[in-house]
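First up is the structure itself, then whatever we jot down about it.
The values are calculated or read from the model by the stated rules, or taken from the named source; none is laboratory data. None of these values were measured; they are calculated from a predicted model. Heavy atoms of the whole protein, side chains included, go into the accessibility calculation; ligands, DNA and RNA do not. Shrake-Rupley method; radii C 1.70, N 1.55, O 1.52, S 1.80 Å.
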Amino acid sequence: MDEIVAGKIIAELRKKKGLTQKQLAAVLGVTDKAVSRWERGLGFPDINTLEPLADALGITLTQLMKCSKEIEENSD
């Protein structure tokens, strides 16, 4: 899992869902600053946050962990 690639995918999928960083953070019980750090590739979500994050983005945990372009194609 590459931080930069993961961050870009999280940001793209969040935007496709029409969510702000603050809204996604509220769903996950984290701060919007945490979401911002993930999206900028400055860290990863906590292990306990990964499954809820995948659910919120409308993808599977496996897709999130793979961080590949197939996520974008399968999330439509």
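In whole angstrom, the chain maps to an equivalent ellipsoid with semi-axes of 16, 13, 12, each derived as √(5λ) from the alpha carbon gyration tensor and ordered largest first. Taking Asp55, Asp2 and ordering them by how much accessible surface each has at a 1.4 Å probe, largest first, produces Asp55, Asp2.
Normalised per residue, the accessible area of the chain is 60 Å², obtained with a 1.4 Å probe and no contribution from ligands, DNA or RNA.
Lysine pairs in the chain whose alpha-carbon atoms fall under 18 angstrom of each other, counting only those eight or more residues apart or on distinct chains, come to 11. Probe radius 1.4 Å, ligands and nucleic acids ignored: give me the carbon and sulfur share of the accessible area of the chain as a rounded percent. Carbon with sulfur: 51 percent of the solvent-accessible area.
Here is how the number arises for the chain: DSSP H runs of 4 or more residues each give -39500 (n - 2.57), the sum is divided by the residue count, and the result at 222 nm is -19500 deg cm²/dmol.
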